[in-house]
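Just below is one structure, and these are the notes that go with it.
A short reminder: the numbers here are calculations on the coordinates, not readings from a lab. Here the structure is a predicted model, which is why all the values come from computation and not from measurement. Here the Cβ is made from the backbone with ideal geometry for all residues, glycine too, and neighbour counts use every protein chain on show.
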Amino acid sequence: MTSIPVAQPSLGHKELRNLTSCVKSSWISSQGQFIDRFESEFAHFCSTKYSVSTSNGTTALHLALLAIGIKKGDEVILPALTFVSCANTVAYAGASPVFVDIDESTWTIDPDLIEKQITKKTKAIMAVHLYGYPAQMDRLKQIANKHHLFLIEDAAEAHGAEFQHKRVGGIGQIGCFSFYGNKIITTGEGGMIVTNDQTLAKKITILKNHGSTSKGNYFHPVLGYNYRMTNIQAAIGLAQLQRINAFLRARKKIDGLYRKLLSTTTGIVLPPEDTEIKKGVCWTFSLRINQSFGKSAKEVRQYLQKKSIETRPFFVPLHKLPMYQSNDHFPIAERISSEGLSLPTFVGLSVKKIHFIAHEIGQARKA
Ligand SMILES: *Cc1c(COP(=O)(O)O)cnc(C)c1O
């Protein structure tokens, strides 16, 4: 039995053609036509005026925080359940991450719990569209506006997801994306920042280029970084972006089939559903295994592993990591994290394999 991976990129002749053209042109470093085109087409995809490519999603978040002036002594509010980068980038900027529990129905930061965490030091809210399911951007925008806070979106898992008919990433002041190998589209490693604010876009461009304001004069007025994407990465990224609508349709089908096959299984809680105002993208089809299933998420994972089906547990809540350890309790984040399981989700996963995976989840109960 060949094993079923949890994720796998879809790379084809378009990517290969762009790569060949990139190598032949000799523009393989961080300038070139693929970078320009990937950036402008990505801005178009998000309906934003500006976009800046970066070396990965983490550096995108770091640059976003620096661009809005996050510094030592500041606080940034973010969900307790997300990838570690979200808190790490706040720490890189010298500021403190302040965690807020997630909402049981959306799996994203709970807007009702944010205001009591706001202090004089709070500068920004980082919304995360976890596993491709959009955060409640209308409520978050209201809170951010009321308290004069920046609203940053971590859309690393949610390329193409929508809230009130707007693509995520382009809703707050700054949106950050990742193109890691398992993301909706990939450049191997890579990231992108989108914004409608020209001043922020300019700042980000300077910061990611060693703090240089003009090319080749070695004058660096600010502390900068080398967080650039290469033309090679962008060559792949552009091809991927031109295929993204087909990718999103394929993922919707996978999502629909998993939901259909698993909806009647006792003890399985399906992921947040699309509504009139929000549309997710099924980055990883993720579900919860609760007590009435009779086996824990961990036991189900181990069973599926024996059947050569690779899965992932959910993120560990950030307040449970040594760097951010606290005695605070975030009961929803803790429970969803312990019950969570992400199933194989990638373009090219066959209907037959989805049936097999759903069947084996049922079998796991009896094992
Ligand atoms: C993948 C991811 C990142 C980081 O992106 P990298 O490109 O791996 O640095 C940040 N936030 C979330 C939610 C992610 O899933």
For the stretch 24-68, the Rg and Dmax computed from alpha carbons only, in angstrom: 12.2, 39
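For the stretch 1-41, what Kirkwood radius comes out of the mean inverse Cα-Cα distance, in Å?
Hydrodynamic radius (Kirkwood, Cα only) of the stretch 1-41 equals 12.5 Å.
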How about the stretch 163-260: which chymotrypsin sites (Phe, Trp or Tyr not before Pro) there lie in a loop by DSSP and see at most 10 other Cβ atoms within 10 Å? 218, 219
May I ask you to sort 27, 107 by Cβ crowding, counting other Cβ atoms within 10 Å and putting the fewest first? 27, 107
Distance between Cα centroids, the stretch 134-200 to the stretch 260-323: provide it in whole Å. 24
In nanometres, the difference between 0.36 nm per residue of separation and the alpha-carbon distance of residue 197 and residue 41 is 54.4 nm
Expressed in nm to one decimal, what extension gain is obtained for the pair residue 16 and residue 273 from 0.36 nm per residue of sequence separation less their Cα-Cα distance? 88.9 nm
Counting only the backbone N, which residues of the stretch 1-38 are under 14 Å from the spot 7 Å out from the Cα of residue 350 toward its beta-carbon? 1-5
I need the per residue convex hull volume for the stretch 89-223, using only the alpha carbons, in cubic angstrom as a whole number. 134
Only sites in a loop by DSSP and with at most 14 other Cβ atoms within 10 Å count here; which chymotrypsin sites (Phe, Trp or Tyr not before Pro) in the stretch 32-68 make the cut? none
Counting all Cα-Cα pairs in the stretch 269-339, those more than 13 Å apart amount in percent to 73
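Per residue, how big is the convex hull around the C-alpha atoms of the stretch 1-148? Give it to me in cubic angstrom, could you?
Per-residue hull volume (Cα only) is 167 Å³.
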Round to the nearest 0.05 the FRET efficiency obtained for residue 28 and residue 120 when R0 = 41 Å and r is the Cβ-Cβ distance. 0.30
Can you list, bin by bin at 10 Å, the percent of alpha carbon pairs in the stretch 221-285, starting at 0? 16, 31, 23, 18, 10, 2, 0
Charge tally for neighbours of residue 62 with beta carbon under 12 Å away, counting Lys, Arg as +1 and Asp, Glu as -1, is 0
Order by neighbour count: 292, 212, 286, 178, fewest other Cβ atoms within 10 Å first, most last. 292, 212, 286, 178
The chain - mean residue ellipticity at 222 nm from DSSP helices (-39,500 (n - 2.57) per run, n ≥ 4, rounded to 500): -11500 deg cm²/dmol
Tell me, what are the semi-axes, in whole angstrom and largest first, of the equivalent ellipsoid of the stretch 143-302 as set by the roots of 5 times the Cα gyration tensor eigenvalues? 37, 19, 16
So for the stretch 82-142, considering every pair of alpha-carbon atoms, how many percent are separated by more than 16 Å? 45
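So for the chain, what are the equivalent ellipsoid semi-axes in whole Å, largest first, each being the square root of 5 times an eigenvalue of the Cα gyration tensor?
33, 27, 17
Assuming a viscosity of 1.567 mPa s and a temperature of 4 °C, what translational diffusion coefficient in µm² per second does Stokes-Einstein assign to the stretch 160-223, Rh being the Kirkwood radius over Cα pairs? Can you show the working numbers first?
On the way: Rh = 13.7 Å.
Result for D is 95 µm²/s.
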To make sure I understand, if each residue's beta carbon is the centre and we count other beta carbons within 10 Å, what order do 115, 360 fall in, fewest to most? 115, 360
Give me the Kirkwood hydrodynamic radius of the stretch 227-367 in Å, from all C-alpha pairs, to one decimal place? 17.1
